[in-house]
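J.: Quick one: the structure is below, and I'll ask about it shortly.
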Amino acid sequence: MSVAFRRESDEEHLEPKFEIPLPPGLNIVTARGLALIEAKVAEWNASVAAAEDDEARKKAKRDLAYWNTRLSTARVADAPTPGVAGIGSRIAFRLNGTSRAIEIVGHDEADPAAGHLAFAAPLAKSMIGAEVGDLLDFGGVEDALEILSITP
């Protein structure tokens, strides 16, 4: 029979479902980040149990698999050395004459709008290991950042 006359199933036209991509590198988290991941695992476990149809259950299992992987690979960062910027530090700095503050965190708790930057973000990477008073290069500009304060 000609291919033109065969009935195709509706499944052939659905978009493929891919796994949620994991951020590259180590899964370093703060203690708060670990608690957030544990809460997500509990939330998605409840969603799997409460799913009313197969499609909702598949989606919930997909998200649960992501968060279970994040939980199993999470490594809580050592407390930052006092006075030295690291994962878990809150850093006040001046960039282009404007004072701001950020906290360096793991990927899963990053929220740039709230001032939580992942340790792999360029700004956070430039600050790790810095001390109060340091002038740091950033964005191709020498001495673009001035570290004003660091709190654990």
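J.: Where the only charges are on Cβ atoms (+1 Lys, Arg; -1 Asp, Glu), what is the dipole of the chain about its Cα centre, to the nearest 20 debye?
T.: Working: 16 positive and 24 negative charges, 47 e Å.
That gives a dipole near 220 debye.
J.: Note the angle between two axes, namely the Cα long axis of helix 54-73 and the longest principal axis of the Cα atoms of the chain, as a number of degrees from 0 to 90, rounded to the nearest 10.
T.: Rounded to the nearest ten degrees, it is 30.
J.: Given the Cα-Cα distance of V141 and K125 and 0.36 nm per residue of separation, how much length would full extension add, in nm?
T.: On the way: separation 16, 0.36 × 16 = 5.76 nm, distance 1.51 nm.
Extending this stretch completely gives an extra 4.3 nm.
J.: Same structure, new question: Calculated from DSSP H runs of 4 or more alone, at -39500 (n - 2.57) each and per residue, what is the 222 nm mean residue ellipticity of the chain, nearest 500?
T.: Values: 3 runs with 46 residues, N = 152.
It lands at -10000 deg cm²/dmol.
J.: In square angstrom, what is the accessible area per residue of the chain with a 1.4 angstrom probe?
T.: Working: 9720 Å² over 152 residues.
So the chain comes to 64 Å² accessible per residue, rounded to a whole number.
J.: Would you pull out the residues with amide H under 5 Å of V76's amide H, same chain only if 5 or more places away, H placed 1.01 Å from N?
T.: Result for V76 returns V29.
J.: Tally up the carbon and sulfur contribution to the accessible surface of the stretch 5-152 as a whole percent, 1.4 Å probe, everything protein left in place. Mind dumping the intermediate values first?
T.: Working: 5090 of 9280 Å².
Roughly 55 percent, rounded to a whole number.
J.: For L26 and V48, FRET efficiency with R0 = 25 Å and r from the beta-carbon atoms, rounded to 0.05?
T.: 0.35
J.: Using the scaling law 2.2 N^0.38 Å as the reference, what is the normalised Cα Rg of the chain? Write out the running numbers ahead of the final one.
T.: Numbers: Rg = 21.9 Å, N = 152, 2.2 N^0.38 = 14.8 Å.
The chain yields a ratio of 1.48.
J.: Looking at T98, T69, P122, which one has the Cα that reaches farthest to the positive end of the dipole of the chain (charges on Cβ: Lys, Arg +1; Asp, Glu -1)?
T.: Most positive-ward Cα: T69.
J.: Cut-off 10 angstrom, C-alpha nodes, Gaussian network model of the chain. Which of V29, V141, V41 fluctuates the most?
T.: Of V29, V141, V41, the Gaussian network model singles out V141 as fluctuating most.
J.: Same structure again: Let's see if you can work this out: charge +1 on each Lys and Arg Cβ, -1 on each Asp and Glu Cβ, no other charges. What is the dipole magnitude of the stretch 43-121 about its Cα centre, in debye to the nearest 20?
T.: Values: 10 positive and 11 negative charges, 68 e Å.
It works out to roughly 320 debye.
J.: I would also like to ask the following. Could you work out the local net charge near G115, counting Lys and Arg as +1, Asp and Glu as -1, over the other residues with Cβ closer than 9 Å to its Cβ? Let's see the in-between values first.
T.: On the way: positive: R90, R100; negative: E103, D111.
It works out to a net charge of 0.
J.: Short version: ³J(HN,Hα) in whole Hz for each residue of the stretch 83-91, in order, from phi by Karplus 6.51 cos²θ - 1.76 cosθ + 1.60 (θ = phi - 60°), x for Gly and Pro, what are they?
T.: x, 10, 5, x, 5, x, 7, 9, 10
J.: Give me the count of lysine pairs in the chain whose alpha carbons sit under 26 angstrom apart, restricted to pairs 8 or more positions apart or on different chains. Walk me through the numbers before you get to the answer.
T.: Values: K17/K40; K17/K58; K17/K59; K17/K61; K40/K58; K40/K59; K40/K61.
So the count of such lysine pairs works out to 7.
The values are calculated or read from the model by the stated rules, or taken from the named source; none is laboratory data. Note that the structure is predicted; figures quoted are calculated from it, not measured. Don't worry about glycine lacking a Cβ; one is built from the backbone with ideal geometry, like all the others, and counts go over all protein chains shown. We work out accessible area using only protein heavy atoms, side chains counted, and drop any ligands, DNA or RNA first. Shrake-Rupley method; radii C 1.70, N 1.55, O 1.52, S 1.80 Å.
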